[in-house]
Amino acid sequence: MTNWTYRLATAGAGVVLTLGVLAGCSSEPPPPPTNSAPVIVPGAPGEEASTIPPGEASVAEQPGPNDADKAFITDMIVHHQQAVYMSGLAPERASSSDVKGLASRIHDVQGPEIDMMNRWLSQHAIPTVNPNAPHGHGRSGGDMPGMATPEQLDALEKAKGQAFDTLFLQLMIAHHQGALSMADEVRKNGVDVRVQEIADGVTAEQSDEIRRMQKWLGG
């Protein structure tokens, strides 16, 4: 082998070795992305939310539900139970297809919501509400907003046809408006993020239904 040939072979081996090292380096997995966004922690009632650095997010303690959160969920279950009961009267008593359709929707939506809220209570070691209770008329210390009285429920049970439609809409509008008041209260005084989401859902869902029921009554 000539001196010139030897130098070419040596240079070629060096290139191959360098490429191999680079290939080995490129096979290393990239470092995981870091989250640079701050984490927002809800504040107590009347206080602003605070932020914590992303590196401390895993050790930050989220605030547990306060009394307003617990009362809202417990009361809203009872509130829902009465709406489900009232809606269950519609198939055999209502004459309007609109009323029957709305009653069916309320029954099918709020029934599962009762189960969901009872699971929330269980997760926080709070006594659950009997899901098989027929319906609630109120609570100790004053009725919940919008709850129908026993006399109003008796009248609804006895009504048929258009009379049922009208009374059902009147009672359910008041019932939904009461739920909106309860949701507004917990948004102001509660701290639990999940409860805030439930309250927002109640507001959006029942505000739309109120508008429809008011339109039917006005027509």
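The values are calculated or read from the model by the stated rules, or taken from the named source; none is laboratory data. Fair warning: this is a prediction, and the values are worked out from it, not measured in the lab. Cβ coordinates were reconstructed from backbone atoms using ideal geometry, including for glycine residues, and neighbour counts include every protein chain displayed.
Brief remarks follow.
- Whether a residue is surrounded by 12 or more Cβ atoms within 10 Å (Cβ to Cβ) and within 16 Å of residue 85 (Cβ to Cβ) was assessed, and residue 147 passes this test.
- Some residue of segment 196-213 being among the hydroxyl-bearing types (Ser, Thr, Tyr), part of a helix (DSSP H, G or I) and within 20 Å of residue 118 (Cα to Cα): yes
- Pairs with Cβ under 8 Å, 6+ apart, first in segment 120-132 and closer than 12 Å to residue 70 by Cβ, second outside any loop (DSSP other than H, G, I, E, B) and among the charged types (D, E, K, R): 120/194; 121/70; 124/70; 126/70
- Scanning segment 174-219 for residues that are crowded, with 18+ Cβ neighbours inside 10 Å and of a type in the set (S, T, N, Q) gives a single hit, 206.
- Listed by position, the helices (runs of 4 or more DSSP H) enclosed by segment 66-175 that each have at least 2 residues that are modelled with pLDDT of 95 or more and in contact with a strand residue (DSSP E or B) (Cβ under 7 Å, 6 or more places away or on another chain) are 97-123.
- Index of the failed condition, residue 126 passing every other in (1) in contact with a helix residue (DSSP H, G or I) (Cβ under 6 Å, 6 or more places away or on another chain); (2) among the aliphatic types (A, V, I, L, M); (3) crowded, with 17+ Cβ neighbours inside 10 Å: (3)
- The residue pairs whose first member lies in segment 159-178 and is over 16 Å from residue 209 (Cβ atoms) and touching a residue at least 60 places away in the same chain (Cβ under 8 Å), whose second member is crowded, with 22+ Cβ neighbours inside 10 Å and among the aliphatic types (A, V, I, L, M), and whose beta carbons are closer than 6 Å, counting only pairs six or more residues apart or on different chains, are 164/94.
Let's see how each residue does on (1) charged (D, E, K, R); (2) closer than 29 Å to residue 120 by Cα:
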residue: 164; (1), (2): no, no
residue: 186; (1), (2): no, yes
residue: 193; (1), (2): no, yes
residue: 208; (1), (2): yes, yes
